[in-house]
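Asks: The structure under discussion is supplied below as structure tokens; questions concerning it will follow.
The values are calculated or read from the model by the stated rules, or taken from the named source; none is laboratory data. As the structure is a computational prediction, the values presented were derived from the model and not from experiment. No Cβ is skipped: glycine too gets one built from the backbone with ideal geometry, and neighbour counts run over all protein chains shown.
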Amino acid sequence: MAKTLVLLSGGLDSMLAAHVLMDQGVEITGLSFNSNFFNTAKAKKAAGELGIELIEIDFSDEHLEMVKNPEHGYGKKMNPCIDCPGLMLKKAKEIMDKEGFDFVATGEVLGQRPMSQNKESLKVVEKISGLEGKLIRPLSAKLLDESEPEKNGKLIRERLLDISGRSRQKQLELVKKYGIKEYASPGGGCLLTDPEFSEKLLKILEYWPDCILA
């Protein structure tokens, strides 16, 4: 049986990614992160709904340093939505290598977010993480390059999905299929996307670039 880490935000897409892999008999462990700007509360609920173990990592200090100067820039506000998942997936790779997981999966959907979920950005994130060939996006996998687990038979490509874009229709159909009762609404989980918070943080960093948040 293949074993995978699934980055679990508590949102619907990461839960569906876990279900799609469970359908293929994959043993799932969730992975979630605490920082100054988001926490694992929703992921804990999602893990309970899925009936899986959840690994929690606090990377507040390292994440803050990345937020101050992200290599690939910000989104609309102070959200570094390429470097942030890249950092999370670096941590996931460390656990994968140490604990013997076969691959890492996320709930990312091709084309759902214009900055961070286009094909080029997904490849950049994969490269940052060091997970080339071992990073699976089950919801859009059939639209992306074939991964190592698909090539070596640990996953069946035909049973992965081809969801793309911002419509949630296919995801809502899967909610019914899997009987999911509760999940967090899309977005809103990260303070760095909040306009008012981002403005305040920017001012703090302008006057106190070496600040440490507590």
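Asks: Restricting the search to the range 188-210, which residues are free of Cβ contacts under 8 Å to residues at least 12 places away in the same chain and not in a helix (DSSP H, G or I)?
Replies: Gly188, Trp208, Asp210
Asks: Name the residue, out of Ser9, Ser32, that is under 18 Å from Leu191 (Cβ atoms), polar (S, T, N, Q), under 17 Å from the mean Cα position of the chain (by Cα) and part of a strand (DSSP E or B).
Replies: Within the list Ser9, Ser32, the selection yields Ser32.
Asks: Of everything in the range 176-205 that's β-branched (Val, Ile, Thr) and surrounded by 17 or more Cβ atoms within 10 Å (Cβ to Cβ), which residue is farthest from Leu16 (Cα to Cα)?
Replies: Thr193
Asks: I'm checking my understanding of the structure. Among residues of the range 92-117 that are part of a helix (DSSP H, G or I) and among the acidic types (Asp, Glu), which one is nearest to the chain's Cα centre (by Cα)?
Replies: Glu94
Asks: Oh, and also: Determine, yes or no, whether Val20 is surrounded by 18 or more Cβ atoms within 10 Å (Cβ to Cβ) and either of a type in the set (Ser, Thr, Tyr) or in contact with a Lys or Arg (Cβ under 9 Å, 6 or more places away or on another chain) (or both).
Replies: For Val20, the condition - surrounded by 18 or more Cβ atoms within 10 Å (Cβ to Cβ) and either of a type in the set (Ser, Thr, Tyr) or in contact with a Lys or Arg (Cβ under 9 Å, 6 or more places away or on another chain) (or both) - is met.
Asks: Are there any pairs with C-beta distances below 8 angstrom linking a residue in the range 61-90 that is under 16 Å from Phe38 (Cβ atoms) and free of Cβ contacts under 8 Å to residues at least 40 places away in the same chain to a residue that is part of a loop (DSSP other than H, G, I, E, B) and among the charged types (D, E, K, R), with the two at least 6 apart or on different chains, and if so which?
Replies: That search, which allows pairs on different chains as well, returns Cys81/Arg113.
Asks: Within the range 150-168, identify whether any single residue is under 29 Å from Leu64 (Cβ atoms) and surrounded by 14 or more Cβ atoms within 10 Å (Cβ to Cβ), and answer yes or no.
Replies: Within the range 150-168, not a single residue is under 29 Å from Leu64 (Cβ atoms) and surrounded by 14 or more Cβ atoms within 10 Å (Cβ to Cβ).
Asks: Just checking, does the range 137-152 include any residue being of a type in the set (Lys, Arg), in a loop (DSSP other than H, G, I, E, B) and more than 17 Å from the chain's Cα centre (by Cα)?
Replies: no
Asks: From the list Glu108, Glu71, Glu126, exactly one residue is surrounded by 22 or more Cβ atoms within 10 Å (Cβ to Cβ), touching a Pro at 6+ places or on another chain (Cβ under 9 Å) and either at pLDDT 95 or above or among the β-branched types (Val, Ile, Thr) (or both). Which is it?
Replies: Checking each option against the conditions leaves just Glu108.
Asks: Given the conditions (1) surrounded by 13 or more Cβ atoms within 10 Å (Cβ to Cβ); (2) farther than 23 Å from Asn39 by Cβ, which single one is not true for Gln117?
Replies: The one condition Gln117 does not meet is (2).
Asks: While we're here: Is it fair to say Arg137 is on the phi < 0 side of the Ramachandran plot and either surrounded by fewer than 23 Cβ atoms within 10 Å (Cβ to Cβ) or among the hydroxyl-bearing types (Ser, Thr, Tyr) (or both)?
Replies: Judged against the criteria, Arg137 is not a match.
Asks: List pairs: first in the range 134-162 and over 16 Å from Val104 (Cα atoms), second of a type in the set (Lys, Arg), Cβ under 7 Å, 6+ apart or cross-chain?
Replies: So the pair list comes out as Lys142/Arg157; Leu161/Lys142; Asp162/Lys142.
Asks: Looking only at the range 118-136, count every residue that is in contact with a strand residue (DSSP E or B) (Cβ under 7 Å, 6 or more places away or on another chain) and assigned to a loop (DSSP other than H, G, I, E, B) and tell me the total.
Replies: Within the range 118-136, residues that are in contact with a strand residue (DSSP E or B) (Cβ under 7 Å, 6 or more places away or on another chain) and assigned to a loop (DSSP other than H, G, I, E, B) number 2.
Asks: May I pose another question? Can you tell me which residues in the range 65-91 are under 14 Å from Cys190 (Cβ atoms) and assigned to a helix (DSSP H, G or I)?
Replies: Result: Met66, Val67, Asp83, Cys84, Pro85, Leu87, Met88.
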